[in-house]
Amino acid sequence: MTIVQTRQSKQRARNRELTPDTANLLNAALELHRAGDVERARENCRFVLALVPQQPDALHLLGATLVNDQPREAEVLIRQAISYDTRNSLYYSSLALALRNQQRFEEALAMYDKALRREPDFREAHYNRGLTLLLLHRYEEAVAAFSATLKLKADLANALKQRGDALSALGRLGEAIADYDRALEISPGDVNVLNNRSLALLELRRPDEALVTIELALQFAPKLAELINTCGAALMALGRFDDALECFDRAQLLKPDYVNAIVSMGSALEELGRHEEALASYAQAVKLRPDHVLAHWNRASLMLLTGDLAQGFTEAEWRYNVPSRRLTASGFKEPPWLGETNVEGNTILVHAEQGLGDTIHFARYIPLLAARGARVIARVQRPLRTLIGGIAGTSVCIADDDPLPRFDLHCAFPSLPLAFQTTLDSIPAQIPYLKAPALKPEWRERLGPEERPRIGIVWSGYAHHERDRYRSIPLAMLEPLFASEATFISLQTELRPDDRSTMRDLSDLIAAGPFLHDFSETAALVASLDLVVTVDTSIAHLAGALGRPVWILLPVLPDWRWLLDREDSPWYPTAKLFRQGADRDWDPVIERVRRALDDWIIGRPLPSTSPRER
């Protein structure tokens, strides 16, 4: 270093030195800031900087007072402070906060990392880094950041709450609730923790506990709209729709622009059969928040349910953003196709996106694509590969975990109705569009002599389906059907504990489920049956697509494709629908099925006169 450089360095250092008076002013500014008196803290900092312009602590503190309401100005000041003192970890942490408040999240993370390299045990930097990761939806990393915070101080309620939120977002709900419980031990009246604990319990389908938790929160904050909304959600899960609607209405009165409450109100109105009012609620929510995903998705489902297919399928494209559906866009580099261009001469990939039943339902569009001159590659769930591969117009069918061949365009199966501009009058219902293989000899032996009509039966679907509690029925409730003069074959592949014991008592019910290893084998069996009686599961779609008679038992608010107030289905001409009444009681439904079954058996031709090959 030259003599001139040495003199300049000493001068810069003197420009940053505090006299006792300026030091006192700066300390007073710090105390004022901690006490929340931001304006007076700023005055003191500016006074110090007027006397000592390059004082880094004063520059930093002034920036810290501006970090929330003027983050860009705060950034400039804190960067000046860093230019005079590059070793202070607090400066980097404050700069990160200024960047985060400008939504420059990646830059903020880089500053937190710099702070932590200088001071690995900097608890606040770990915590704020976790908050930034939450904003980026990088939940695994957020959990690690909050865990690092708690390692340094185990009884931080905020860190426990935030880690709980990250765990909840990852679906690790048991761990999340454990963190919420620890946070509540430290801070028993924290309504945010109580609210999030209730939401986690709802996702775990423990609505009774969720209601107890949120009612406790409401004791601390009875007029907080968010808590009242969660209370409504718990009541919805308990089937108390009128009470839930009251909650949502009260939440909106307290907070008129509370979109979540308006959307929830729409859901409650749907459950109560007040469909026009529900559509109005969703429309109001979309008007207030045009990007509100759930408002769009709920409106799409209700439009489809009420027969407005054209608008409903357009709105249904919002489905990729609905958290509970956990769908992701394809990520293909090839362009999507929604009917806007001519596909003749192009190879188009149609790909499964949701459940097995949805894939079967929408596969009816494959022949229509082929008729337009497209070469169709179907990418489906592995159990459906052989079956869908047999649909007319399918050039290649691959499983969803197989390597992708070359293609020009792609379309998700649920988007095909939109691409073909489907309305109630143009539903492609040419059945059968699935072809079943021949029934294996061992199955003929297993089923025994065909002395009575053979009826397949399914009473429950996927247990984790979001509406399973409405659509599935305990096997014991169906026992009245088994008195009919027919041979009943259970197509149920998974049995719930209560159903297992019932099954043991029903010695005449043939349990085919354990022997069904793929959908082709299931299709062969279904094609050999005279009738299938099922709740809303993939078997309903399979039977309908095979053109077999199928009776479907539906809850009062069914899946959109079954529409409302009709006993037939425009999607499946061989289907007959048996619907719950407003009382949501299955017993009257099962009694109607029993009577219809007896009439069907009496009026059915003798097996020898049946034209169908078995």
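Taking the stated definitions as given, is D181 part of a loop (DSSP other than H, G, I, E, B), farther than 23 Å from D468 by Cα and touching a Lys or Arg at 6+ places or on another chain (Cβ under 9 Å)?
So D181 does not fit the description; no.
Please enumerate the residues belonging to region 418-465 that are touching a Gly at 6+ places or on another chain (Cβ under 9 Å) and part of a helix (DSSP H, G or I).
Of everything in region 418-465, those that are touching a Gly at 6+ places or on another chain (Cβ under 9 Å) and part of a helix (DSSP H, G or I) turn out to be L418, A419, L424.
Could you list, in sequence order, all residues of region 300-311 that are surrounded by fewer than 22 Cβ atoms within 10 Å (Cβ to Cβ) and in contact (Cβ under 8 Å) with a residue 12 or more places away in the chain?
Of everything in region 300-311, those that are surrounded by fewer than 22 Cβ atoms within 10 Å (Cβ to Cβ) and in contact (Cβ under 8 Å) with a residue 12 or more places away in the chain turn out to be S301, L304, L305, T306, G307, A310.
For a quick check of your reading of the model, give me the residue pairs whose first member lies in region 194-205 and is within 10 Å of Y180 (Cβ to Cβ), whose second is at pLDDT 95 or above and aromatic (F, W, Y), with beta-carbon atoms closer than 6 Å and at least 6 apart or on different chains.
Listed by first residue and then by second, the contacts come to R197/Y180.
Based on what the data block shows, is L294 modelled with pLDDT under 95 and crowded, with 19+ Cβ neighbours inside 10 Å?
Answer is yes for this residue.
Name the residues in region 485-520 that are among the hydroxyl-bearing types (S, T, Y) and farther than 11 Å from I457 by Cβ, would you?
Within region 485-520, T493, S501, T502, S507, S520 qualify.
Considering only residues of region 71-126 that are among the β-branched types (V, I, T) and within 14 Å of L61 (Cα to Cα), which is surrounded by the most Cβ atoms within 10 Å (Cβ to Cβ)? Before the answer, list the steps.
Initially, region 71-126 is screened for residues among the β-branched types (V, I, T), giving 76, 78, 82, 86.
Within this subset, residues satisfying the condition of being within 14 Å of L61 (Cα to Cα) are 76, 78, 82.
Working: V76: 13, I78: 31, I82: 20.
Checking each candidate, the answer is I78.
Filtering region 343-361 down to residues that are under 17 Å from A399 (Cα atoms) and in a loop (DSSP other than H, G, I, E, B), which residue is modelled with the lowest pLDDT?
Filtering region 343-361 for residues that are under 17 Å from A399 (Cα atoms) and in a loop (DSSP other than H, G, I, E, B), the one modelled with the lowest pLDDT comes out as Q354.
Tell me the helices (runs of 4 or more DSSP H) entirely within region 35-120 that contain at least 1 residues that are farther than 28 Å from F146 by Cα and among the small types (G, A, S).
38-51, 56-66, 71-84
H60 versus (1) more than 18 Å from K114 (Cβ to Cβ); (2) touching a helix residue (DSSP H, G or I) at 6+ places or on another chain (Cβ under 7 Å): which is the lone unmet condition?
Of everything listed in (1) more than 18 Å from K114 (Cβ to Cβ); (2) touching a helix residue (DSSP H, G or I) at 6+ places or on another chain (Cβ under 7 Å), H60 misses just condition (1).
Pick from Q5, Q54: which is touching a helix residue (DSSP H, G or I) at 6+ places or on another chain (Cβ under 6 Å), over 23 Å from N128 (Cα atoms), modelled with pLDDT under 90 and of a type outside the set (A, V, I, L, M)?
So the residue among Q5, Q54 that is touching a helix residue (DSSP H, G or I) at 6+ places or on another chain (Cβ under 6 Å), over 23 Å from N128 (Cα atoms), modelled with pLDDT under 90 and of a type outside the set (A, V, I, L, M) is Q54.
Of the numbered conditions (1) in contact with a Pro (Cβ under 7 Å, 6 or more places away or on another chain); (2) in a helix (DSSP H, G or I), N192 fails exactly one; give the number of that condition.
Only one criterion in (1) in contact with a Pro (Cβ under 7 Å, 6 or more places away or on another chain); (2) in a helix (DSSP H, G or I) is unmet by N192, namely (1).
For region 263-299, give me each residue that is touching a residue at least 24 places away in the same chain (Cβ under 8 Å) and among the small types (G, A, S).
Across region 263-299, the qualifying residues are S264, G266, S267, A268, G273, A278, A285, A295.
Within region 192-213, how many residues are among the basic types (K, R) and touching an Asp or Glu at 6+ places or on another chain (Cβ under 8 Å)?
Qualifying residue count, region 192-213: 1.
When you look at A268, is it at pLDDT 95 or above, among the small types (G, A, S) and over 29 Å from V212 (Cβ atoms), yes or no? First the steps, then the outcome.
Numbers: at pLDDT 95 or above: yes; among the small types (G, A, S): yes; over 29 Å from V212 (Cβ atoms): no.
Considered against the rule, which asks whether it is at pLDDT 95 or above, among the small types (G, A, S) and over 29 Å from V212 (Cβ atoms), A268 comes out as no.
Please identify the pairs in which a residue from region 21-35 that is of a type in the set (V, I, T) has its Cβ atom under 6 Å from the Cβ atom of a residue that is surrounded by 13 or more Cβ atoms within 10 Å (Cβ to Cβ) and outside any helix (DSSP H, G or I), counting only partners at least 6 apart or on another chain.
T22/V52
Identify all residues within region 472-497 that are over 19 Å from T522 (Cβ atoms) and charged (D, E, K, R); write none if there are none.
E479, E485, R496, listed by residue number.
Of the numbered conditions (1) surrounded by fewer than 22 Cβ atoms within 10 Å (Cβ to Cβ); (2) under 18 Å from P403 (Cβ atoms), G373 satisfies every one except a single condition; which is it?
G373 satisfies every listed condition except (2).
What number of residues within region 426-452 satisfy the criterion of being at pLDDT below 95 and over 20 Å from T537 (Cα atoms)?
17
The values are calculated or read from the model by the stated rules, or taken from the named source; none is laboratory data. The structure presented is a predicted model; accordingly, all values stated were derived computationally and were not measured. Glycine also receives a Cβ, built like all others from the backbone with ideal geometry; neighbour counts cover every protein chain displayed.
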